[in-house]
Amino acid sequence: MFVEFLILVVSLVFLVWSADKFVFGASSIARNYGISPMVIGLTIVAMGSSAPEMMVAATASFQGAPNTAIGNAIGSNITNIALVLGVTALLAPLKVSSNTIKKELPLTLAITLLACYVLWDQYFSFTEGLLLLILFFVYIFGLLFITIRRKQQAAGTGEEDPYIAEAEAEVPEAVSKPMSFFWLAVGLVLLPLSAGYLVESATDIAKAFGVSDLVIGLTIIAIGTSLPELAASIASIIKKEDDLALGNIIGSNIFNILAVLSLAGVIAPGNIDAQAATRDAPIMLAITLLLFALCFSRIKGAFRITRLKGAALLACFFGYQALLFM
């Protein structure tokens, strides 16, 4: 069993590292070919934090373990809000000033409701998975269209949305084209390889301890694949980029439902674990509703997530983990 745990940890490290190198290579190639930093920041870099979840979901579904993929998507969303945002707010209260984020929060809630509806009958069909995947591309193109228009309007007033500015600043500097393609290739090779080992070792551990694939996806894999969001959020508050810290989490949660959860339905449609529909999806919705309430509760005229709110989110995370293993 020690070997399985070792493989899981090592493969998780390589999964996160290779996702970072994939994003670096792809961003650098985009910069070399003249794509604007704003477009790169809102697409390639934003999707990069969900690359581990996407690869794990695809690998698990191809290996006949769609419940691991579903658990990873749901568990990552719960972890992002309750653990990542909770820890971030405890370290430094967050002030929400971006209009983009304020408009994405209701969208996040609507997409989470859609995910609960899709899973409620305990059957995830190919059509439902394809619908979520199509909505993912609609979301990306819609986000780019709205953001470009907002940036053009801001050029006349001089009032740029802080989230857009911070997303642009996060785009890595370009390196030479050969090095860009090299790092892209490294990511493309190691991402599926490490995801395969991760899913296999997690499945072996689940069988050894008598827990379901779903619970492994909700806990070990979800927490592990959410580490990039935690690192990005902590880095953002150190740089005083509060909007980017929250924006990363909101964007990641939208991607997890539309681009990660959808893969389970597209690749391995069929019956799902009843607990995912009746316990975990409703908890994901409740946590998202809590985030919505916390963000839109004004303190001294500003939208803030205080340390007290961060502590409440963190308590929800540990309460959920206890519920899973009771």
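The values are calculated or read from the model by the stated rules, or taken from the named source; none is laboratory data. Treat the numbers as computed from the prediction; the structure is a model and nothing was measured. Positions of Cβ are backbone-derived with ideal geometry, glycine not excepted, and every protein chain shown enters the neighbour counts.
Has the range 176-193 got any residue that is outside any helix (DSSP H, G or I), at pLDDT 70 or above and more than 20 Å from the chain's Cα centre (by Cα)? I'd like the intermediate steps shown before the answer.
Residues of the range 176-193 that are outside any helix (DSSP H, G or I), as a first pass: 176.
Still in the list and also at pLDDT 70 or above: 176.
In the following step, the residues that additionally are more than 20 Å from the chain's Cα centre (by Cα) were identified as 176.
Checking the range 176-193: at least one residue is outside any helix (DSSP H, G or I), at pLDDT 70 or above and more than 20 Å from the chain's Cα centre (by Cα).
Find the residue count for the range 188-212, including only residues that are of a type in the set (Asp, Glu) and crowded, with 18+ Cβ neighbours inside 10 Å. Full working, then the answer.
Of the range 188-212, the ones of a type in the set (Asp, Glu) are 200, 204.
Still in the running and crowded, with 18+ Cβ neighbours inside 10 Å: 200.
Result for the range 188-212: 1.
Being in a helix (DSSP H, G or I), of a type outside the set (Asp, Glu), under 15 Å from the mean Cα position of the chain (by Cα) and under 19 Å from PHE296 (Cα atoms) is true for just one of LEU90, LEU83, LEU113, LEU105. Which residue is that? Walk me through it before giving the result.
Values: LEU90 fails: under 15 Å from the mean Cα position of the chain (by Cα); LEU83 fails: under 19 Å from PHE296 (Cα atoms); LEU113 fails: under 15 Å from the mean Cα position of the chain (by Cα).
Answer to the selection: LEU105.
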